[in-house]
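Bear in mind that the values in this text are calculations on the coordinates, not laboratory data. Everything numeric in this text was worked out from a predicted model, so none of it was measured. In this analysis, Cβ positions are derived from the backbone assuming ideal geometry, glycine residues included, and neighbour counts consider all displayed protein chains.
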Amino acid sequence: MTVIAVLSPKGGVGKTTVAVNLGCALAKAGRPVRLLDMDPQNAVRLHLGADLSDVSGHVHQTLKQESWHYAEYDSDYGVSFIPYGKVSEIERISLESQLVTTPDWLHDNLISLDHEPGLCVIIDTPPGPSIYVQQVLSVANLVLVVMIPDAGSYATLSAIEGLLEYYCASRNDFYGSYYVLNQYDAAVPLNRDIQSVMQNTLNERLAPACIHRDTSLSEALAFQQPVLQYAPHSQAADDLAQLTSWLQVLLNRIPK
Amino acid sequence: MSSTRPTEAKETAKNSAIFPARVWQSGRYKFGKLNEYTTALIEWYGWEHTYWRIAIMIVIGLLYWFSMTFSLSLPMQAVYGAIVFFVALYLRRYAGTLFTLIMIVFSINQSSRYLYWRVNETLVLDNWVDGFFGVVLLLAELYAWLVLVLGYAQTIWPLRRKPEPMPTDITVWPTVDIFIPTYNEPLKVVRSTVLAALAIDWPKEKLNICILDDGRRDEFREFAQSVGVTYLTRSDNMHAKAGNINRALTQTTGEYVAIFDCDHIPARSFLQLTMGWFLRDPNLAMLQTPHHFLSPDPFERNLGTFRRVPNEGELFYGLIQDGNDLWNATFFCGSCAVMRRTALLDVGGVAVETVTEDAHTALKMHRKGYNTAYISIPQAAGLATESLSAHVGQRIRWARGMAQIFRLDNPMLGKGLSLMQRLCYSNAMLHFFYGLPRMIFLLAPLSYMFFQAHIINAEALAIAAYALPHLAHANLTNSRIQGAYRHSFWAELYESTLAWYIFRPTLLALIKPKEGKFNVTAKGGLIKEEFLDWQISAPYLTMLTLNVAGLLIGFVRLFWWNSFEAQTVMLNMMWTVYNLVILGATMAVATEARQIRGAHRVNCNQKAVLKLENGRTIVCRATDYSEGGLGLVMPESEMVPLKSDVHVTLYLGKREFVFPASVVFARASIIGLEFEGLNLQQQMDLVQCTLARADAWLEATETQNIDRPMSGLKEIMQQSRKGLEHLSHFFMLSVKRRSYRDTPHIKKERGLLYHVLLNKDISSDALKEIFKRRLDIAGNIARSLLVTRGKGRKQAEKHPVN
């Protein structure tokens, strides 16, 4: 089992979109994929055509002290997913306080689930540092940081690096953190500049392809489909395909 | 002259062992015993000692004379020829230059032996008819032998010079003037060249781009101002392009001058790749790079061989100039070159005495002891001549100019040249005298058919026993040396097509070098319907008719008149048939294929992304581009509305560029874009992404077939059949004066196109055929269909039906 954490320094950069679409693309390429939603926004399920009336998620299981197994759903797109669950404020606070005292909560729950060989668990996280990110980073084997090419995103780079340094760098089952640029538009000079600055700072830690600003992505969400399904010939789908083959190379490098 | 040069040159040549186009894969032929022996031979100390060398030269000379002159009985000669040929066939399997050299020695030896026998035993001067035709043929054969030997000397060891890196300190980089001479070419042609020149990577303050307008056009002056380049003009047009450049030399000051014809678009790396050698060798006066063409020339278009068979120019730019470079004899070709200003002024500017001012300027530089260099990496590209008549006109100018130099400033005479420089220049000039000998070969057997002249006075089998080794070795050796740049037997076609046209001007230039103009008028523009250019093919039709008549008479002679010398008749008939094959192929060249679009379209195959008005994006492929336009093939099921405004992204390496455009054509999966409202930077970027893409030029030769002597002959025969079909078709057409009717193969093609457009079931082989033959929209449709089919098959394999 390989755990990929998808992070972002701030909200609205399309982190959930990237996580879900990459997961579906990986599954299409033949890899078993499980998506885990750690974001209280509970948005992963929206991308995968889930039944909107079904509000259960792993939070309920945790609070009921039952296995996550019953919170896992199958989708039509080759991936299974575990939603966060629609919860009341009281439920959320009680979970988060529970997490403070059980730092191995995520680890234990992931282990308890059955997993196929080669399984890839992609975890969507809430933006910025939080108790969830703390737990996720303690189990992640790979980290993908989603950024958008603007100055605000770029300014948070050092904060994210500090977080990664603290939770991941010393673990020997950690295989690196990488950056993905989303909502890139080559026609905007600032986008190009930030891209080249990041290229120079991060070198090969910046993913070889950006995800371009593309209406297909938001339209796909409206249709509750991954973009590969909804608009297979779109630029975003093409970018995701390139990212997927790059990610495959990274995954294959991890010793079994 | 720089003393370092020859040794440097040899080292470079040694390091880049030249492998022929096809080398047998087995290790034995790369590293086997024979290779070890020859390496030991090369490293033998005796080569360094003068006495040893003289002794060896004498022994080799004697051996050579003996092997050329010793007489054998007819059967023994046949056996001897066969043995030598089989040894050459075996040696051909080994890689490396030394084996090429051995094969060259065999070839020269066998050809010399043949000619020795011809001169001594087959010439009969006792009757007028035999004597006259015999001597004429022999002279033509001697010319062919001379050009063969000089050709071997010229291309014996191509230098393959690598670019010299520039110093990292930019302040020492020299100043360069870029000259773009133009006379009457439209602005849209010159425009791309200037935009590409603006993007050349060189310190801006050290680069001065000049449009040299001999047409005194305000339009050009305004364009130059708007993009910030220098505009130069003059009040007269003395000495045409040469005079234009010379005038500009007086108005500029750069240390170096780079010259581009106005339709040669430079790559941005041009100066960085070429200037290094000038800094390394202070005596270097001129550095030439190849002329690369983005569109098919008339041969390639009319024969359908674009990117499949090397074109006429590839031998020169791929091999001969590289061969010249070893002997410090590379010459200037008028464009895509850099010259040192001091050296150019030292020889009095660009030469004005002849119509090939470029080669003559280089000759003058060499006479003054300057060096020249060649880098065989395309660094500029342009469009080829549009029609056969324009192509012929250009070749006439070259031939006439070279003959003028040969007469006025003969490289064998005068001061300052090394022996090999003299030989290289002589070959370059003698080469253009092929017109008359080529026609003699095309008509020679007729002297027997018509006049019963025994031009080679020997029995047919003896002729075969001597001539076959000569021809076979020449073809085998040249296939090894030139195969990658010219396929076997194609020289016959290229030369035969031009022979008649260059024979008159070269002859006249020899007699009266300063007079005479022979220019076939160019019929520019669109070729709407396929047609046979009767005007240009008239001489070949005449020769074709004569050869057909000769063949018919041959039958009469074979069975009735000359049945007592049936072998001789048959030999002459075989020769006539060979000539008919070559002449038939020239007919195929003269049939101008249709050009569908007005503007030149350059084929490409690169990724593009279309962004529609509503923000949706489609990844597609760009398949061709032209001035201000781009053709795209969409993935299946993606519809793009006509006349909508879109943005298209093109890639240059990892960098991407976005251009606004509008959809002006949309049918099935093919759409056409027109760019509009691009600012200067975008225009420059667009040229970089399309016409000035140096990475695409390098791949151009990758699709070429590998040369095999027999397949070269087969291809020529197929072309010939096509040509004769065309001929009979257009002949019938003009006799009956009926309305236009399709030839059978066009009919078939049109039927296929109809099916393709309707997406009917059609075999992939047929699609491939269309794709190969058609450069226009039908080819694009065929390609897109092939691509989608390929995908469908892959998907079917992935998800088998249960």
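Miscellaneous remarks
- Counting Cα-Cα pairs of the stretch B:599-671 in 5 Å increments starting at 0 gives whole-percent bin shares of 4, 16, 29, 31, 15, 5, 0.
- Orientation-averaged projection of the stretch B:271-392 equals 8.0 nm² [convex hull of Cα atoms, one quarter of hull surface area].
- Bins of 10 Å, starting at 0 and running to the largest distance - Cα pair percent for the stretch A:143-256: 13, 39, 34, 14, 0
- Note on the stretch A:14-165: Cα Rg divided by 2.2 N^0.38 Å, N the number of residues, gives 1.03.
- Compared with the alpha-carbon gap, the fully stretched path from A:A151 to A:N252 is longer by 33.0 nm at 0.36 nm per residue.
- Reported to the nearest whole Å, the Cα centre-to-centre distance from the stretch B:438-463 to the stretch A:58-114 is 98.
- With a simple spin-label model that places each label point 7 Å from the Cα along the Cα-to-Cβ direction, the separation between B:M574 and B:T233 comes to 6.5 nm.
- Cα-Cα separations in the stretch B:90-198 greater than 24 Å, expressed as whole percent: 63
- With θ taken as phi - 60° and the Karplus curve 6.51 cos²θ - 1.76 cosθ + 1.60 applied, the whole-hertz 3J(HN,Hα) list for the stretch B:241-246 is 4, 4, x, 4, 5, 4 Hz, x standing for glycine and proline.
- Rounded FRET efficiency, nearest 0.05, which uses the C-beta distance separating B:W52 from B:L510 and R0 of 35 Å: 0.20
- Check: chain A dipole with +1 on Lys, Arg Cβ and -1 on Asp, Glu Cβ, in debye: 440
- Spin-label zone in the stretch B:264-283 - amide nitrogen under 20 Å from a point set 7 Å from the Cα of B:K368 along the C-beta vector: B:277-283
- In nm, spacing of pseudo-spin labels at B:A538 and B:K643 (7 Å Cα→C-beta vector): 5.1
- A straight chain from B:V119 to B:Q718 at 0.36 nm per residue would run longer than the Cα-Cα distance by 212.0 nm.
- Each part reduced to its alpha carbon centroid, the stretch B:545-564 and the stretch B:228-242 end up 60 Å apart.
- Residue pairs exceeding 20 angstrom between C-alpha atoms, taken from B:K204/B:K654; B:K368/B:K512; A:K10/B:K654; A:K64/A:K86: B:K204/B:K654; B:K368/B:K512; A:K10/B:K654.
- The calculated 222 nm mean residue ellipticity attributable to helices in the protein assembly as shown amounts to -16000 deg cm²/dmol, summing -39500 (n - 2.57) over DSSP H runs of n ≥ 4 and dividing by all residues.
- Taking the number of Cβ atoms within 10 Å of each Cβ as an exposure proxy, the fewest-first ranking of B:F85, B:F306 is B:F85, B:F306.
- Positive end of the dipole of the stretch B:565-673 (Cβ unit charges, origin at the Cα centre): among B:V602, B:C620, B:M574, the Cα lying farthest that way belongs to B:C620.
- Residues B:W277, B:W561, B:W128, B:W327 in ascending order of nearby Cβ atoms (within 10 Å, fewest first): B:W128, B:W561, B:W277, B:W327.
- What separates the Cα centres of the stretch B:254-328 and the stretch B:168-199 is a distance of 16 Å.
- Beta bridges from DSSP with both residues in the protein assembly as shown: antiparallel share about 50 percent, rounded to the nearest 5.
- Among B:G712, B:V147, B:L632 the positive-end extreme of the charge dipole of the protein assembly as shown (Cβ point charges): B:V147
- Separation of the B:S269 and A:R92 label points, Cα + 7 Å toward Cβ, nm: 5.5
- Using alpha-carbon coordinates, inclination of helix A:235-253 to the longest axis of chain A, degrees: 70
- The stretch B:250-259 - phi-based ³J(HN,Hα) in whole Hz, Karplus 6.51/-1.76/1.60, Gly and Pro as x: 6, 9, 10, 9, x, 5, 10, 10, 9, 10
- Long-range HN-HN contacts of B:A484 with modeled amide H, under 5 Å: B:A21
- For the stretch B:674-686, 3J(HN,Hα) computed residue by residue from phi via the Karplus equation (6.51, -1.76, 1.60; θ = phi - 60°) reads 10, 7, 9, x, 7, 7, 4, 4, 5, 4, 5, 4, 4 Hz, glycine and proline entered as x.
- For q = 0.04, 0.07, 0.08 Å⁻¹, Debye-computed log10 I/I(0) when each Cα of the protein assembly as shown counts as one equal scatterer: -0.29, -0.80, -0.97
- Length gained on full extension, B:T69 to B:T342: 93.0 nm, using 0.36 nm per residue less the C-alpha separation.
- Close amide H contacts of B:A453 (hydrogens built in the peptide plane, cut-off under 5 Å, sequence separation of 5 or more or a different chain): B:Y448.
- Taking other C-beta atoms within 10 Å as the exposure proxy, B:L558, B:L363 rank B:L558, B:L363 from fewest upward.
- Among B:L344, B:I396, B:N371 - extreme Cα towards positive end, dipole of the stretch B:344-427, charges at beta-carbon: B:N371
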